[in-house]
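Chemist: Dropping the structure in here first, questions after.
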Amino acid sequence: MEGIGGDGASAASPLSQRGHDAWRMYQYYLDKTTPHAAYRWIGTLVIMAIYCLRIYYVQGFYVVSYGLGIYLLNLLIGFLSPLVDPELEVSDGPLLPTKGSDEFKPFIRRLPEFKFWYSMTKAFCIAFAMTFFSVLDVPVFWPILLCYWIVLFVLTMRHQIAHMIKYKYIPFDIRKQKYTGKKASASSSRSRGD
């Protein structure tokens, strides 16, 4: 009886070892893409275009696309939200400044850019794979789903933008911030005639 358990364990070991090696190789290449944000997003746009062409070609899978849209909206909210929401949590850590005299604190996202990209790309790949199973092609009137998603998007973004305005944060770094304190004092001395 002892030999049976030993043979089963040794037979599963090479299979689990190969799975572990494949996962390490996948993680290695995923880590190598981290500094190349523009190329990652271009790749995601290509995957997104392939998915859209697939949906257009088969003229179906609108429920899958609707679910994908809801998931992407959820990811976008996480990407635009701060890590510590002042409305929900009282924290000892860094908070968003609420007044102009408050100390500058960098914006820390609830969902970092890399995880946002990775989850979005993975979602498109899974949705693409789902289009090959006819059982998931539920017949629906797609304009209603599209209208409902647009209304949901507008309401959600309106709430998110109101939150950004209330707590005075911008989740995007458009350019490097510059200190203009010296220029303001120099221009005021010129206006006085000094």
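The values are calculated or read from the model by the stated rules, or taken from the named source; none is laboratory data. It should be emphasised that the depicted structure is a prediction, and the values quoted were computed from it without experimental measurement. Ideal geometry is used to build each Cβ from the backbone, glycine not excepted, and the neighbour counts take in all protein chains shown. The accessibility values were calculated without ligands, DNA or RNA, using every heavy atom of the protein model including side chains. Shrake-Rupley method; radii C 1.70, N 1.55, O 1.52, S 1.80 Å.
Chemist: Net charge near Trp117, counting Lys/Arg +1 and Asp/Glu -1 over other residues with Cβ under 13 Å of its Cβ?
Modeler: Computed value for this residue: +3.
Chemist: Need the full-extension length gain, Gln160 to Val46, defined as separation in residues times 0.36 nm minus the C-alpha distance. One decimal, nm. Can you show the working numbers first?
Modeler: On the way: separation 114, 0.36 × 114 = 41.04 nm, distance 2.82 nm.
This chain segment gains 38.2 nm when fully extended.
Chemist: A follow-up question, please. Under 5 Å between amide hydrogens, which residues at least 5 positions from Ser81 or on another chain qualify, with H placed 1.01 Å from N in the peptide plane?
Modeler: Arg110, Leu111
Chemist: A further question on this structure: Would you mind calculating the gained length between Ala129 and Val63 on full extension (0.36 nm times residue separation, minus the Cα-Cα distance), in nm to one decimal?
Modeler: Gain on extension, Ala129 to Val63, equals 22.4 nm.
Chemist: Using 0.36 nm per residue of separation minus the Cα-Cα distance, give me the extension gain between Leu136 and Arg24 in nm, one decimal.
Modeler: 37.1 nm
Chemist: Could you order Glu87, Glu113 so the one with the most accessible surface comes first? Probe is 1.4 Å.
Modeler: Values: Glu87 90, Glu113 55 Å².
Descending order: Glu87, Glu113.
Chemist: Order these peptides, 48-61, 116-129, 15-28, by their mean beta-carbon neighbour count within 10 angstrom, highest first.
Modeler: Averaged packing, sorted descending, gives the order 116-129, 48-61, 15-28.
Chemist: Next question. If you take the beta carbon distance between Trp149 and Asp85 as r and set R0 to 30 Å, what does 1/(1 + (r/R0)^6) give as a FRET efficiency, to the nearest 0.05?
Modeler: FRET efficiency, Trp149 to Asp85: 0.75.
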